[in-house]
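S.K.: Here's a structure for you.
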Amino acid sequence: MIATIHILTSVALSREVNNPYLLAVLAFVFHFFIDAIPHKDYRIFKKDISVRKSFFMISLDNLTGFFAIFIIGYFLNWNIFDYKLALISAFFGILPDVFQTFAKIVFKENKIAIFYRRLHKKTHIIKINDWKYGFFQQIAVAVIAVIIIIWI
């Protein structure tokens, strides 16, 4: 899933879990459950994709997710504690992908990093190679997450 989806689903968790420490753990673990939903990710750090374009896509994706948090919070009149929980859950919700990226770029030959990359890859149970199918699953998950955020 793209980062925005992980951010939104993690923030949905924050609407029910008020303990920041428990929320951090749950958001991190929930990331892997969300990745099990069939989806198509954008391609980053591939030979035909420049590093500059990859960082641009990652940055835009994360900014979109965090901007969505602030917009939703504004219209729902969240207080500082609500924002704090949302930001904690969003951060820990995308952290597995951050680890994955660092494991791939910085720690290429590290055995722990290789193990983590393989483990993370296995959570992507069904891979979809076509954007038009994987895109709709992500939109559906985002809509469900926003509905949960709004009504809880």
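The values are calculated or read from the model by the stated rules, or taken from the named source; none is laboratory data. The structure displayed is predicted, hence computed values, not measured ones. Cβ coordinates were reconstructed from backbone atoms using ideal geometry, including for glycine residues, and neighbour counts include every protein chain displayed. When the accessible area is computed, the model is the full protein with side chains, heavy atoms only, and any ligands, DNA or RNA have been set aside. Shrake-Rupley method; radii C 1.70, N 1.55, O 1.52, S 1.80 Å.
S.K.: Identify the single condition in (1) in contact with a Lys or Arg (Cβ under 8 Å, 6 or more places away or on another chain); (2) free of Cβ contacts under 8 Å to residues at least 12 places away in the same chain; (3) over 23 Å from THR101 (Cα atoms) that PRO20 does not satisfy, given that it satisfies every other one.
M.R.: (2)
S.K.: Of the residues TRP131, TRP78, which single one is at pLDDT 85 or above and over 14 Å from the mean Cα position of the chain (by Cα)?
M.R.: Every option except TRP78 fails the conditions.
S.K.: Which one of these is at pLDDT below 80, open to solvent by 30 Å² or more (accessible area, probe 1.4 Å) and out of contact with any strand residue (DSSP E or B) (no Cβ under 6 Å at 6 or more places or on another chain): VAL106, VAL143? Let's see the steps before the verdict.
M.R.: Values: VAL143 fails: at pLDDT below 80.
Going through VAL106, VAL143 in turn, just one is at pLDDT below 80, open to solvent by 30 Å² or more (accessible area, probe 1.4 Å) and out of contact with any strand residue (DSSP E or B) (no Cβ under 6 Å at 6 or more places or on another chain): VAL106.
S.K.: Looking for something touching a helix residue (DSSP H, G or I) at 6+ places or on another chain (Cβ under 9 Å) and over 19 Å from VAL141 (Cβ atoms) - is there at least one such residue anywhere in the stretch 25-37?
M.R.: yes
S.K.: Additional query: Quick check on my filter: what residues within the stretch 1-59 are of a type in the set (Ser, Thr, Tyr) and at pLDDT 80 or above?
M.R.: THR4, THR9, SER10, SER14, TYR21, SER59
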